[in-house]
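The values are calculated or read from the model by the stated rules, or taken from the named source; none is laboratory data. Predicted model only: the values in this text are computed from it and were never measured. Note: ideal-geometry Cβ built from the backbone for every residue, glycine included; neighbour counts use all protein chains shown. Just so you know, the surface numbers come from the protein's heavy atoms only, side chains and all, with ligands and any DNA or RNA stripped out. Shrake-Rupley method; radii C 1.70, N 1.55, O 1.52, S 1.80 Å.
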Amino acid sequence: MAQSLLFTVKRRAPEFVTPSKPTPHEIKLLSDIDDQDGLRFQIPVIQFYKYDPNMAGKDPVDVIRKALARTLVFYYPFAGRLREGPGRKLMVDCNEEGVLFIEADADVSLKDFGDALQPPFPCLDQLLFDVPGSSQVLNTPLMVIQVTRLNCGGFIFALRLNHTMGDAAGLTQFMSALGEICRGMKEPSIPPLWNREVLNARNPPRVTCSHREYEQIPDTKGTIIPLDDMAHRSFFFGPSELVAIRTLLPPHQQKRSNFEILTACLWRCRTIALQPDADEEVRIICIVNSRSRFNPPLPKGFYGNAFAFPVAVTTAGKLIENPMGYALELVQKAKGDVTQEYMHSVADLMVLKGRPHFTVVRSFLVSDVTRAGFGDVDFGWGKAVYGGPAKGGVGAVPGVASFYIPFVNGKGEKGLVIPVCLPAQAMERFVVELHSVLNNNKVNKSTKAAPGSAFITSSL
């Protein structure tokens, strides 16, 4: 990625795209999982598409805009606006006001971005423009879409979603439906289902599980990351990097999943980089999709939020002084906590405690979107060259989250690219620590990793 890449984006005036046919005017309640505080923010996604000679003469802006109007007939709540009722309860006013749509052109080609297309992207604020007055959670468009033509004939599709409306699985379901209608289908192959009531609190609500992820911890030592000194970098983990990390584990732990092993490694390296006091509690929060953990599983077509924030908690001293296997055990246990009962318990807690935010003090949140299918979304020009989160560190409290995104590097190796967001000095220490781990701790800790280290794939 050419970090210094500069280009000009010319945008037309934003417009509202409304459903192409009349849709029900009604109020739809979000679930008690949807409307928690930690999801009350906008999540950005970006997709890059190559020129396809088979689509010569077709304008991606026109194709997507027309298909969007038809797709909103099926997904009409996205054309509504969010309102808040008593007890901070969120609901959608299905009023056909529409999705905000931006047509744009950029004087840049796909090849100018380089072989490695991954976050952080240059000029992201121009490729997904923040229309003034559109970014609040309530009473604003629930979705913004910008389609930017490139001078090579390719294009960029960027989308911002109010996270209370759906998770990665729900969003890719909508985007895939939009793609199907772009390609000529009359209706989505998977009919959307609202069904939010399945994730509502019970009557009476009763918290039956431990939920340390929602503990309200005061930030007495100023450890929430400052936004004005933030470094964004992406790191690539392919087969050789994963082997290097596995060799640091005892034999009985080496068969654990890539997600668990990477999460343990990154949590430990990040904690070392942030230099908390040894007695301070640190947390790893693993996003877990609960759809398959229900009996029966949540229905195909459900596009609401259906994930949990299970957490592992330890002290910084224990995490740093113990071998990586200690962190790995904590990560595995946290992931295993999520059951159908756990989800009902979270919904109950939301109602009883006023819909709190998950704990952000000394927390690191990881979300694996490798199976979400962003890269498979096809608007008629084939699969995306890159598809997925537009940046790391997004959230109601920025700087806490990292995504695991499927990626193929310049050598053709399949792996994951992971955007990380840290204060500038902590990022330098993180790079040194991670370099040390990937070289099986053969690197002197005082030696700075070379800026061109292979595992740093992009930075701003």
*asked:* Over segment 252-366, how many pairs of lysines fall under 29 Å by alpha carbon, counting only those 8 or more apart in sequence or from different chains?
replied: 9
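Helix-derived [θ] at 222 nm for the chain: sum -39500 (n - 2.57) over DSSP H runs of at least 4, divide by residue count, nearest 500?
-7000 deg cm²/dmol
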*Under a point spin-label approximation (7 Å from Cα along Cα-to-Cβ), what is the residue 439-residue 52 distance to one decimal in nm?*
4.5 nm
*Looking at segment 67-170, send over the antiparallel percent of its DSSP beta bridges, to the nearest 5.*
65 percent
*Roughly speaking, what % of Cα-Cα pairs in segment 254-309 are separated by over 19 Å, rounded to a whole number?*
52 percent
_Stretch gain in nm, segment residue 203-residue 321, where the contour uses 0.36 nm per residue and the Cα spacing is subtracted_ = 37.9 nm
*Cα-based convex hull, segment 82-131, per residue volume (Å³, whole number)*: 142 Å³
*Give the cross-link partners of residue 10 among the aspartates and glutamates, using a straight C-alpha distance below 20 Å as the criterion and excluding same-chain residues fewer than 8 apart.*
59, 62, 103, 105, 107, 112, 125, 130
*FRET efficiency, residue 152 to residue 255 (Cβ-Cβ, R0 41 Å, nearest 0.05)*: 0.40
*Separation between Cα centres of segment 313-344 and segment 412-443, rounded to whole Å*: 21 Å
*Pairwise centroid distance, computed over Cα atoms, of segment 147-165 with segment 66-122, Å*: 9 Å
*asked:* With both bridge residues required to lie in the chain, what share of the DSSP beta bridges run antiparallel, to the nearest 5%?
replied: 80 percent
*Expressed as a whole percentage, what fraction of the accessible surface of segment 286-388 belongs to carbon and sulfur atoms when a 1.4 Å probe is rolled over the protein heavy atoms?*
52 percent
*Take the alpha carbon atoms of segment 69-164, find their radius of gyration, then divide it by 2.2 N^0.38 Å using N residues; give the quotient.*
1.29
*asked:* With the cut-off at 1.5 for a/c, could you classify segment 284-354 from its C-alpha gyration tensor as rounded, prolate or oblate?
replied: prolate
*asked:* Test of understanding: what is the full-extension gain from residue 62 to residue 295, defined as 0.36 nm times their sequence separation minus their Cα-Cα distance?
replied: 79.6 nm
*Would you mind getting the accessible area per residue of the chain, heavy atoms of the protein chains only, 1.4 Å probe, in Å²?*
41 Å²
*Run through the DSSP bridge list for segment 252-401 and note the antiparallel percent, rounded to the nearest 5.*
60 percent
*Give the Rg (one decimal place) followed by the Dmax (whole number) of the chain, computed from C-alpha coordinates and expressed in Å.*
22.0, 66
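Can I get the semi-axes of segment 301-422's equivalent ellipsoid? Compute them from the C-alpha gyration tensor as square roots of 5 times the eigenvalues, in angstrom, largest first.
28, 22, 14
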_Using the Kirkwood formula on the Cα atoms of segment 129-238, what hydrodynamic radius do you get, in angstrom to one decimal?_
19.3 Å
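Round to the nearest 0.05 the FRET efficiency obtained for residue 130 and residue 16 when R0 = 25 Å and r is the Cβ-Cβ distance.
Efficiency at R0 = 25 Å is approximately 0.95.
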_Taking a cut-off of 22 Å, what percent of all Cα-Cα pairs in segment 1-129 are separated by more than that?_
54 percent
_Straight-distance crosslink candidates among lysines, where the alpha carbon sits under 18 Å from residue 186 and sequence neighbours closer than 8 are dropped_ = 21, 66
*Sticking with the crude label model, points 7 Å out along Cα→Cβ, report the distance from residue 383 to residue 138 in nm, one decimal please.*
4.3 nm
*Tell me, what is the FRET efficiency for residue 27 and residue 376 to the nearest 0.05, using R0 = 35 angstrom and their Cβ-Cβ distance as r?*
0.55
